[in-house]
Structure formats: structure tokens, C-alpha cells
1. If you take the residues in region 22-43 that are open to solvent by 10 Å² or more (accessible area, probe 1.4 Å), in a loop (DSSP other than H, G, I, E, B) and not charged (D, E, K, R), which one is nearest to Gly83 (Cα to Cα)?
2. Out of Ile175, Ile129, which single residue is among the hydrophobic types (A, V, I, L, M, F, W, C) and within 17 Å of Leu10 (Cβ to Cβ)?
3. Is there a residue in region 147-158 that is away from the ligand (no atom under 14 Å from the Cβ), of a type outside the set (Asp, Glu) and in contact with a Ser or Thr (Cβ under 7 Å, 6 or more places away or on another chain)?
4. Quick test of your reading of the structure: Asn127 fulfils all but one of (1) within 7 Å of the ligand (Cβ to nearest atom); (2) assigned to a helix (DSSP H, G or I); (3) of a type outside the set (Phe, Trp, Tyr). Name the failing condition by number.
5. Report, ordered by the first and then the second residue, all pairs with beta carbons closer than 7 Å, sequence separation of six or more or different chains, a first member in region 158-177 that is open to solvent by less than 60 Å² (accessible area, probe 1.4 Å), and a second member that is more than 7 Å from the ligand (Cβ to nearest atom) and of a type in the set (Phe, Trp, Tyr).
6. Please specify each residue of region 44-86 satisfying the condition of being aromatic (Phe, Trp, Tyr) and open to solvent by less than 30 Å² (accessible area, probe 1.4 Å).
7. In region 162-173, which residues are more than 23 Å from the chain's Cα centre (by Cα) and more than 9 Å from the ligand (Cβ to nearest atom)?
8. Test each condition in (1) part of a strand (DSSP E or B); (2) more than 23 Å from Phe3 (Cβ to Cβ); (3) open to solvent by 30 Å² or more (accessible area, probe 1.4 Å) for His18 and report the one that comes out false.
Amino acid sequence: MNFDKVSEALRKKGYEVHTFATAAEAAEFVDGQIDGTSVAFGGSKTVEAMGLYDRLGAHNRVLWHWRLPEGKTADDLRREAIGADVYISGVNGLAETGEIINIDGTGNRVAATIYGHSRVIFVAGRNKIAPDYEKAYWRARNIAAPKIAVRFHVKTPCAANGGDRCYDCSSPERICRALSVLWMAPKGCSYEVILIDEDLGY
Ligand code: SF4
């Protein structure tokens with residue numbers, strides 16, 4: 001995939017951008033950039049596919065509510081993640097015009113990617129990219145979120161129908177409770193986007 005358009009749009013909006021052919025190459029790059037600090041992760045199949053928790057954990061303090069140390073709960077890890085220096089997150093939709101969209105159930109990821117860390121890194125496979133904001137928003141709501149609902153086996157209409165689309169449900173188990181749109185990189189923090197020419201995550 002040609003990342004020129006989205007890379008240029010993101011750079012204009014204040015992001016440092018790096019592109020890679022594979023998740024393995026991207027993981028090696030990220031691993032070489034972060035050392036001797038604390039790193040927290042948002043829930044992300046892309047982060048998981050890149051193996052970042054184990055790689056970075058070899059030489060950093062890592063915090064992820066998808067990997068619970070003995071005696072800790074997911075909520076413990078989400079709270080501890082607030083104090084991490086670096087935060088790494090996937091995206092649910094990335095517009096070629098540069099807007100970054102995420103949907104969250106607990107709110108930890110949308111909060112962390114807007115404020116509280118000194119460095120935020122987004123990792124995104126090519127499948128997350130849509131031509132403009134409206135299509136990226138549609139993608140986040142109708143592709144990413146329903147597939148995540150299926151993965152978590154929640155009792156929602158989207159999961160019951162195989163993740164076909166969003167039904168804007170009122171289910172008690174609804175996973176879509178907060179939406180973040182970064183129109184530009186927020187002030188006071190270093191923001192990077194890692195683009196990978198593979199389909200990764202939902
Ligand atoms: S709002 Fe409800 S139906 Fe729509 S994707 Fe989220 S959980 Fe599924």
C-alpha cells in the first residue's frame with residue numbers, strides 16, 4: 001500500500017511517521033527506540049501481533065491489562081498504566097486526511113492517547129486506513145467495534161450477528177462507550193504513528 005498521502009497528512013498534523021513492510025520490522029524499530037523506561041499498552045491485537053509486550057519487557061517496565069502479573073487485576077493494570085512514560089495503542093480508524101479514531105469501553109485507551117504520557121505511539125496496519133474522516137469513523141463503528149465484540153463474546157446484537165455491523169445498541173454489555181478523534185496531535189506530548197503494510201487487528 002502507498003502510505004504517502006496519509007503520512008503527509010499525519011506529519012502536517014504534528015505526528016512523526018514511520019512506515020514498514022511488516023509487523024516484525026516495525027516491532028524491531030519500536031524496540032530500538034524505547035529503553036529503560038515505563039511502557040503501557042492499550043488493548044490491541046496489533047500490539048499483540050507485534051509482540052511488543054515481551055520485546056519491550058526485556059528492557060523496560062511494561063504494563064498491560066491483557067497480561068496480568070500474579071495477584072493483579074485488569075483494573076489494577078489500567079490504573080498503573082496511567083503513570084507510564086510511554087503509551088502504545090492501536091487505532092480503530094485512520095483517515096488518509098490524518099484523523100485518528102478510537103472507540104473504548106472502559107475509557108482507559110481514549111484517555112491515555114489524549115493526555116498523561118510524555119510519548120504516545122500509534123501502531124496501525126493498512127486495513128485501518130480509510131479515505132476520509134467519515135469513512136474512518138464508519139469503519140471504527142461498523143467494522144472494528146463489532147469484530148471486537150465478537151472476540152469478547154459479549155451479549156450485543158453485533159456479536160450475535162457475527163460482527164456484521166453496529167446496531168447502536170443499548171446492551172448492558174455494549175463495548176462502545178467512548179469515542180476519541182484526534183484532529184491533530186495534542187500539545188505537550190511526542191506523538192508517533194507506525195504504519196505497517198499488513199492487515200493487523202480489526
Ligand atoms: S454499539 Fe453495540 S451494536 Fe454497535 S458495535 Fe458497539 S456493542 Fe456492537
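The values are calculated or read from the model by the stated rules, or taken from the named source; none is laboratory data. In this text, all values refer to a predicted model and were calculated from it rather than measured experimentally. Here the Cβ is made from the backbone with ideal geometry for all residues, glycine too, and neighbour counts use every protein chain on show. Calculation scope for accessible area: heavy atoms of the full protein, side chains included, ligands and nucleic acids excluded. Shrake-Rupley method; radii C 1.70, N 1.55, O 1.52, S 1.80 Å.
1. The selected residue is Thr37.
2. Details: Ile175 fails: within 17 Å of Leu10 (Cβ to Cβ).
Answer to the check: Ile129.
3. Looking only at region 147-158, we keep the residues that are away from the ligand (no atom under 14 Å from the Cβ), and these are none.
Checked against the condition, which is being away from the ligand (no atom under 14 Å from the Cβ), of a type outside the set (Asp, Glu) and in contact with a Ser or Thr (Cβ under 7 Å, 6 or more places away or on another chain), region 147-158 yields no hits at all.
4. Only one criterion is unmet by Asn127, namely (1).
5. Ile175/Phe152
6. Taking region 44-86 and keeping what is aromatic (Phe, Trp, Tyr), we get 53, 64, 66.
Trp64 - this is the single residue of region 44-86 that is aromatic (Phe, Trp, Tyr) and open to solvent by less than 30 Å² (accessible area, probe 1.4 Å).
7. The answer is Pro172, and nothing else.
8. Every listed condition holds for His18 apart from (2).
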